[in-house]
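The values are calculated or read from the model by the stated rules, or taken from the named source; none is laboratory data. These figures come from a predicted structure and were not determined experimentally. Note that we place each Cβ from the backbone using ideal geometry, even for glycine, and neighbour counts take in every protein chain shown.
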Amino acid sequence: MTVRSAAPHPVKTIGRAVSIRVGSATADRRQLPSFVLVGAQRAGTTSLFRALVSHPLVHGANYHKGVNYFDVNHHRGPAWYQGHFPTTGHLQRRARAHGVEGDPVTFEASGYYMFHPRAAARMAQHLPDVRIVAMLRDPVERAYSAWKHEHARGFEWASFQAALDLEDNRLEGEVERMTTYPGYQSTHHRHHAYVRRGQYHEQLLRLREHFPAEHIHVVESESFFTDPEPTYRALLDFLGLPPVMPERFDRWNGRPSAPMADETRGRLREHFAAHDDALAEMLGRRPAWHA
């Protein structure tokens, strides 16, 4: 346990606030991300994040897994964003201490970036050369996991079946409002899009409108958790990083529960069939959950 993780919550909150103020004032000395993990929500991004920050050349944002700048905090400005990252001097000293050759890099992981209708364009504006890592999961399992997550956090009151029935009404007009009014934030879009967040082809297409396809790397959670070393090695190769493996690959943030009802599973599998076919055509292979 680190001193930071052992600190009481009010102390950590104050520490974050001070860090952000100092960081914003010294933003020009801080290193912007060379890659961003954009989601998907409940696809294993925390586990992948933990593996990445174990690499001696990789550093996340200070105090945060994700800064959420390109979705809900964009109004705070680029200095606020850059202030979340370590200074270039600190990164270089850390790399020398580990004795690993190569240039240190920073990144962040925000599970809402891939789904947010404005995030891709904002990333392209602020980080035009950034590389994008998208982690996908069987959309049927992801939907159920997201519902459990939102229910546990108090954002959802309906049963899973009822939440699926409510989704279209909840999200009606929300994307249009978000694209028309830059400051508009939608609780329904962020917390109740169980089905639409699993329509990955649409989200990857939006990313490809702003970034070249060769700058976008897809990791399927099924591959990462079943056969982590080659999956992780391929990611490091995409990022141009030396193949330093973590001591172990752990699974974080799982939420065990009763199984999904067979009828609901069948309904979702039927819905996602065409979306998975479109994804397969884009990737040039069937996604791992159909292997």
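Some notes on this structure:
- Single residue of ARG16, ARG42 found to be under 21 Å from the mean Cα position of the chain (by Cα) and either modelled with pLDDT under 95 or among the acidic types (Asp, Glu) (or both): ARG16
- Among (1) within 17 Å of the chain's Cα centre (by Cα); (2) in a loop (DSSP other than H, G, I, E, B); (3) more than 22 Å from LEU48 (Cα to Cα) - the single one GLU101 does not satisfy: (1)
- Filter pass, GLY77 being of a type in the set (Gly, Ala, Ser), more than 23 Å from HIS192 (Cα to Cα) and modelled with pLDDT of 95 or more: yes
- Listed by first and then second residue, the pairs with beta-carbon distance under 8 Å, at least 6 apart or on different chains, first residue in the range 215-241 and in contact (Cβ under 8 Å) with a residue 12 or more places away in the chain, second assigned to a helix (DSSP H, G or I) and among the basic types (Lys, Arg), are ILE216/ARG208.
- Count of residues meeting criterion [free of Cβ contacts under 8 Å to residues at least 12 places away in the same chain and assigned to a strand (DSSP E or B)] in the range 48-74: 0
- Residue satisfying all of: in the range 143-192; of a type in the set (Ser, Thr, Tyr) and surrounded by 11 or more Cβ atoms within 10 Å (Cβ to Cβ); farthest from ALA258 (Cα to Cα) among these: THR179
- Residue in the range 237-258 that is among the small types (Gly, Ala, Ser) and closer than 23 Å to GLN199 by Cβ present: no
- Residue within the range 197-219 that is surrounded by 19 or more Cβ atoms within 10 Å (Cβ to Cβ) and touching a Ser or Thr at 6+ places or on another chain (Cβ under 8 Å) present: yes
- For ASP71, the criteria (1) out of contact with any strand residue (DSSP E or B) (no Cβ under 8 Å at 6 or more places or on another chain); (2) surrounded by fewer than 21 Cβ atoms within 10 Å (Cβ to Cβ) hold in every case but one, which is (2).
- All positions within the range 257-278 that are part of a helix (DSSP H, G or I) and in contact (Cβ under 8 Å) with a residue 12 or more places away in the chain: THR264, ARG265, ARG267, LEU268, ARG269, HIS271, PHE272, HIS275, ASP276, ALA278
- Candidates ALA134, ALA158, ALA124 - the one that is assigned to a helix (DSSP H, G or I) and of a type outside the set (Lys, Arg): ALA124
- Some residue of the range 188-209 being over 22 Å from ALA43 (Cα atoms), at pLDDT 95 or above and of a type in the set (A, V, I, L, M, F, W, C): no
- Complete set of residues in the range 161-215 that are part of a helix (DSSP H, G or I) and of a type in the set (S, T, N, Q): GLN161, ASN169, THR179, THR180, THR187, GLN203
- Selection count, the range 89-109, where residues are among the β-branched types (Val, Ile, Thr) and over 14 Å from ASN62 (Cβ atoms): 2
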